[in-house]
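Okay, handing you the structure first.
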Amino acid sequence: NLDTAPDFYGQVITTHTLQDRLDTLDKVRGAGIHVCSGGIVGMGENRRQRAALIAQLANLPTPPESVPINNLVQVPGTPLAGAGALDPFEFVRTIAAARITMPASFVRLSAGRSEMSDELQALCFMAGANSMFYGERLLPVDEVLANARAAKARGASRFCMGAAWRGPKDQDLALVLEMVREVKALGLQTCVTLGMLKEGQAEQLADAGLDYYNHNLDTAPDFYGRVITTHTLQDRLDTLDKVRGAGINVCSGGIVGMGENRRQRAALIAQLANLPAPPESVPINNLVQVPGTPLAGAGALDPFEFVRTIAAARITMPSSYVRLSAGRGEMSDELQALCFLAGANSMFYGERLLTTDNPDADRDDRLFARLGLRAI
């Protein structure tokens, strides 16, 4: 990041110069790498200086492909602790200025988002933000193991651990490998979803004892580019090939209710069924609409279309576990019962699925009792 305006830089950063940062960006561009560069607002600068930061970014030899705009998070004991909080509408104006001056860039909400109201974030998206950093630290191993023991006590046979990453970094993978080994030692099958894998990472997971790797195809090939732009369908297929090659079982399904039509839902199921080997586990997710995201406001999928998708998966992949996944929290007991009758024979059980809530475990226990179902 360039961080702030040229005439304010020396007031907040003394360990290096603005030119040092510009020199690094030149090296990055010269190597053919995309640039992600933005700044921090709320450090005591004025509106003109915020405008000067955006102008400098826009007037680089090539504007950054990604422009993160950070709102200062004040940390006690640091020099900027106690700085006056930035007016929220000034932050929105900065987002709008970045969008107007860099129309082809991803303008990204970054640090400070956790302190923003939903309404403020929505305003930022309306002003031109079209991306955001989403991240939380991995849970400690002890906490993961406590959750795994609780899941086993409630009848779960497999424990899935997930991180909403593009792909795991080596230092993060090391901690995941420890989690896999420890959960496996409890007598549970293990599953992880970590994004796209690099060469050698699937083998490391296999050596740790991983049973399943989840990596969804998401939607039909001819609809994919309309809803996903950060990677290609081939990227996902390549990761599944790595997983299969390492001898790990595949968990791969998709998301429905994103605006696709019935033929496209059928095409998703057909592609899954025609993989070199069908996935052992096929999670079918019903879109959970999150305010402020691009698919918020999409027309809700007819519940019977969801049931038809489950049935199509069961018919075309008779040996797979067809798994009810995200969206169950919005489903009635009756709709879930229809899904089980249509061929679903598994579900994700627990408080949360990556970024969305899941039904309360006690509600699931009551539903199973009513339907006469039992975990195996």
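The values are calculated or read from the model by the stated rules, or taken from the named source; none is laboratory data. The model shown is predicted, which means the values in this text are computed figures rather than measured ones. Methodologically, a virtual Cβ is constructed for each residue, glycine included, from the backbone with ideal geometry; neighbour enumeration extends over all protein chains shown.
On the given criteria, is Ala156 outside any loop (DSSP other than H, G, I, E, B) and of a type in the set (Gly, Ala, Ser)?
So Ala156 does not fit the description; no.
Out of all the residues in region 83-117, which are among the polar types (S, T, N, Q), at pLDDT below 80 and not in a loop (DSSP other than H, G, I, E, B)?
Ser114
Could you go through region 226-244 and let me know if any residue there is more than 19 Å from Ile284 (Cβ to Cβ) and touching a helix residue (DSSP H, G or I) at 6+ places or on another chain (Cβ under 7 Å).
Among the residues of region 226-244, at least one is more than 19 Å from Ile284 (Cβ to Cβ) and touching a helix residue (DSSP H, G or I) at 6+ places or on another chain (Cβ under 7 Å), which makes the answer yes.
Something else: When region 4-38 is examined, which residues are found to be under 32 Å from the mean Cα position of the chain (by Cα) and either of a type in the set (Phe, Trp, Tyr) or at positive phi (or both)?
Gly32
Only one of Leu80, Leu138, Leu120 is modelled with pLDDT under 80 and in contact with an Asp or Glu (Cβ under 9 Å, 6 or more places away or on another chain). Can you tell me which?
Residue meeting the stated conditions: Leu138.
State which residue is nearest to Ala156 (Cα to Cα) when the search covers only region 299-352 and only residues that are outside any loop (DSSP other than H, G, I, E, B), charged (D, E, K, R) and more than 22 Å from the chain's Cα centre (by Cα). Outline the logic, then answer.
Our first condition is that a residue be outside any loop (DSSP other than H, G, I, E, B); within region 299-352, this holds for 303-316, 321-324, 328-330, 333-342, 346-347, 352.
Next, only the ones that are charged (D, E, K, R) stay: 305, 308, 314, 323, 328, 330, 333-334, 352.
If we keep only those that are more than 22 Å from the chain's Cα centre (by Cα) as well, we get 305, 308, 314, 333-334.
Numbers: Glu305: 28, Arg308: 26, Arg314: 22, Asp333: 20, Glu334: 22 Å.
Per the criteria, the residue is Asp333.
Those residues that are of a type outside the set (Ser, Thr, Tyr) and in a loop (DSSP other than H, G, I, E, B), I need them from region 242-268; list them, please. Lay out the reasoning, then the answer.
Taking region 242-268 and keeping what is of a type outside the set (Ser, Thr, Tyr), we get 242-251, 253-268.
Those that are of a type outside the set (Ser, Thr, Tyr) and in a loop (DSSP other than H, G, I, E, B): Ala246, Gly247, Ile248, Gly253, Gly257, Met258, Gly259, Glu260, Asn261.
For every residue, the table says whether it meets (1) touching a helix residue (DSSP H, G or I) at 6+ places or on another chain (Cβ under 7 Å); (2) closer than 13 Å to Asn1 by Cα; (3) crowded, with 21+ Cβ neighbours inside 10 Å.
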position	(1), (2), (3)
Arg47	yes, no, no
Gln56	yes, yes, no
Asn59	no, no, no
Asn70	no, yes, yes
Val75	no, no, no
Gly84	no, no, no
Asp87	no, no, no
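Only one of (1) closer than 30 Å to Gly257 by Cα; (2) among the aliphatic types (A, V, I, L, M); (3) not in a loop (DSSP other than H, G, I, E, B) fails for Met196. Which number is that?
(3)
What are the residue pairs meeting all of these: first residue in region 239-252, first residue over 18 Å from Gly162 (Cβ atoms), second residue part of a strand (DSSP E or B), Cβ atoms under 7 Å, and 6 or more apart or on different chains?
From residues that are over 18 Å from Gly162 (Cβ atoms), the pairs are Arg244/Val250.
Where residues in region 165-186 are outside any helix (DSSP H, G or I) and modelled with pLDDT of 80 or more, which of them is surrounded by the fewest Cβ atoms within 10 Å (Cβ to Cβ)? Show your work before the answer.
Pass one, region 165-186, residues outside any helix (DSSP H, G or I): 165-169, 186.
Right, trim to modelled with pLDDT of 80 or more and you get 167-169, 186.
On the way: Gly167: 16, Pro168: 22, Lys169: 11, Leu186: 13.
Looking at residues that are outside any helix (DSSP H, G or I) and modelled with pLDDT of 80 or more, I get Lys169.
Any chance you could count how many residues in region 1-42 are farther than 20 Å from Phe91 by Cα and small (Gly, Ala, Ser)?
So the answer is 4.
Answer yes or no: is there a residue in region 263-274 that is aliphatic (A, V, I, L, M), under 19 Å from Pro168 (Cα atoms) and under 22 Å from the mean Cα position of the chain (by Cα).
Of all residues in region 263-274, those aliphatic (A, V, I, L, M) come to 266-270, 272-273.
Checking which are under 19 Å from Pro168 (Cα atoms) leaves us with none.
Scanning region 263-274, I find no residue that is aliphatic (A, V, I, L, M), under 19 Å from Pro168 (Cα atoms) and under 22 Å from the mean Cα position of the chain (by Cα), so the answer is no.
Quick test of your reading of the structure: Gly162 fulfils all but one of (1) touching a Pro at 6+ places or on another chain (Cβ under 8 Å); (2) surrounded by 15 or more Cβ atoms within 10 Å (Cβ to Cβ); (3) modelled with pLDDT under 90. Name the failing condition by number.
(1)
For Thr229, all conditions in the list (1) part of a loop (DSSP other than H, G, I, E, B); (2) in contact (Cβ under 8 Å) with a residue 40 or more places away in the chain; (3) not aromatic (Phe, Trp, Tyr) hold save one; what is the number of the exception?
Going through the list (1) part of a loop (DSSP other than H, G, I, E, B); (2) in contact (Cβ under 8 Å) with a residue 40 or more places away in the chain; (3) not aromatic (Phe, Trp, Tyr), Thr229 breaks only (2).
Give me the pairs: first residue in region 143-156 and in contact (Cβ under 8 Å) with a residue 60 or more places away in the chain and within 23 Å of Arg374 (Cα to Cα), second residue among the acidic types (Asp, Glu) and in a helix (DSSP H, G or I), beta-carbon distance under 8 Å, and six or more apart or on different chains, which are they?
Arg154/Asp365
For every residue, the table says whether it meets (1) among the small types (Gly, Ala, Ser); (2) surrounded by 13 or more Cβ atoms within 10 Å (Cβ to Cβ); (3) at pLDDT 85 or above.
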{"position": "Ala326", "(1), (2), (3)": "yes, yes, no"}
{"position": "Glu334", "(1), (2), (3)": "no, no, yes"}
{"position": "Gly343", "(1), (2), (3)": "yes, yes, yes"}
{"position": "Phe348", "(1), (2), (3)": "no, yes, no"}
{"position": "Pro359", "(1), (2), (3)": "no, yes, no"}
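Here are Leu22, Leu60: which of them is of a type in the set (A, V, I, L, M), assigned to a loop (DSSP other than H, G, I, E, B) and modelled with pLDDT of 90 or more?
The conditions single out Leu60.
Which one of these is hydrophobic (A, V, I, L, M, F, W, C), touching a strand residue (DSSP E or B) at 6+ places or on another chain (Cβ under 9 Å) and over 29 Å from Val28 (Cα atoms): Leu72, Leu86?
Details: Leu72 fails: over 29 Å from Val28 (Cα atoms).
Just one listed residue meets the conditions, Leu86.
Another question about this same structure. Can you tell which of Val192, Val227 is crowded, with 16+ Cβ neighbours inside 10 Å, at pLDDT below 95 and under 21 Å from Val141 (Cα atoms)?
It is Val192.
When region 279-328 is examined, which residues are found to be of a type in the set (Lys, Arg) and in contact (Cβ under 8 Å) with a residue 60 or more places away in the chain? Write out each step before concluding.
Quick first cut of region 279-328, residues of a type in the set (Lys, Arg) only: 308, 314, 323, 328.
Of everything in region 279-328, just one residue is of a type in the set (Lys, Arg) and in contact (Cβ under 8 Å) with a residue 60 or more places away in the chain, namely Arg323.
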